[in-house]
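Colleague: Sharing a structure here in structure tokens format.
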Amino acid sequence: MLNLVALMGRCTVTPELKQAKDGISFSRFGIAVERNYKADGKEKETDFLDIICWRHEADFAAKYFQKGQLIAVKGEIHTRTYEDTNGKKHKVVEISADEMYSAEHRRSD
């Protein structure tokens, strides 16, 4: 089976480094990805996707990525469900990133 996602988009927030209960570092943030297709007379649509990364990738994201920056992400789609305090069930779809890169050109001063 194959579960592979490759995306390029802009960070919607500056990633923050956090610690899970077991001490493993992680970061959650979003990216905005424009769709390739544009309907006549309309603007391109944008998908807002949730990214989670762990350990070294989380450290990298928190250190080098900022809101608005163009990034490339490779990873897998993960789904999970949870029940809130009111008993309502929720389904979460997120990209678990295992490789990330800045997709912007470096400025040479």
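The values are calculated or read from the model by the stated rules, or taken from the named source; none is laboratory data. Every value quoted in this text rests on a predicted model; they were computed, and no experiment measured them. Every residue, glycine as well, gets a Cβ built from its backbone with ideal geometry; the counts of neighbours run over all protein chains shown.
Colleague: Identify, please: which residue in the stretch 25-55 is at pLDDT 95 or above and among the basic types (Lys, Arg) and is, among those, surrounded by the fewest Cβ atoms within 10 Å (Cβ to Cβ)?
Modeller: Arg55
Colleague: Do we have any residue at all in the stretch 47-69 that's under 20 Å from Leu4 (Cβ atoms), touching a Gly at 6+ places or on another chain (Cβ under 6 Å), assigned to a strand (DSSP E or B) and not small (Gly, Ala, Ser)?
Modeller: Yes - at least one qualifying residue is present in the stretch 47-69.
Colleague: Could you go through the stretch 72-92 and let me know if any residue there is among the charged types (D, E, K, R), surrounded by fewer than 10 Cβ atoms within 10 Å (Cβ to Cβ), part of a loop (DSSP other than H, G, I, E, B) and in contact with a strand residue (DSSP E or B) (Cβ under 9 Å, 6 or more places away or on another chain). Explain how you work it out, then say what you get.
Modeller: Quick first cut of the stretch 72-92, residues among the charged types (D, E, K, R) only: 74, 76, 80, 83-84, 88-89, 91.
Adding the requirement that they be surrounded by fewer than 10 Cβ atoms within 10 Å (Cβ to Cβ) leaves 80, 83-84, 88-89, 91.
Still in the running and part of a loop (DSSP other than H, G, I, E, B): 84, 88.
Okay, now just the ones that are also in contact with a strand residue (DSSP E or B) (Cβ under 9 Å, 6 or more places away or on another chain), so 84.
Yes, the stretch 72-92 contains at least one residue that is among the charged types (D, E, K, R), surrounded by fewer than 10 Cβ atoms within 10 Å (Cβ to Cβ), part of a loop (DSSP other than H, G, I, E, B) and in contact with a strand residue (DSSP E or B) (Cβ under 9 Å, 6 or more places away or on another chain).
Colleague: From the residues in the stretch 93-109 that are of a type in the set (D, E, K, R) and either in contact with a His (Cβ under 6 Å, 6 or more places away or on another chain) or assigned to a strand (DSSP E or B) (or both), which one is nearest to Gly30 (Cα to Cα)? Outline the logic, then answer.
Modeller: So in the stretch 93-109, the residues of a type in the set (D, E, K, R) come out as 94, 98-99, 104, 106-107, 109.
Then drop every residue that is not either in contact with a His (Cβ under 6 Å, 6 or more places away or on another chain) or assigned to a strand (DSSP E or B) (or both), which leaves 94, 98-99.
On the way: Glu94: 9, Asp98: 15, Glu99: 15 Å.
Taking the candidates together, the pick is Glu94.
Colleague: Where residues in the stretch 18-42 are assigned to a loop (DSSP other than H, G, I, E, B) and not charged (D, E, K, R), which of them is farthest from Glu99 (Cα to Cα)? Break it down stepwise before answering.
Modeller: Going through the stretch 18-42, the residues assigned to a loop (DSSP other than H, G, I, E, B) turn out to be 20-24, 35-42.
Remaining after also requiring not charged (D, E, K, R): 20, 23-24, 36-37, 39, 41.
Numbers: Ala20: 20, Gly23: 21, Ile24: 17, Asn36: 23, Tyr37: 26, Ala39: 32, Gly41: 36 Å.
Result: Gly41.
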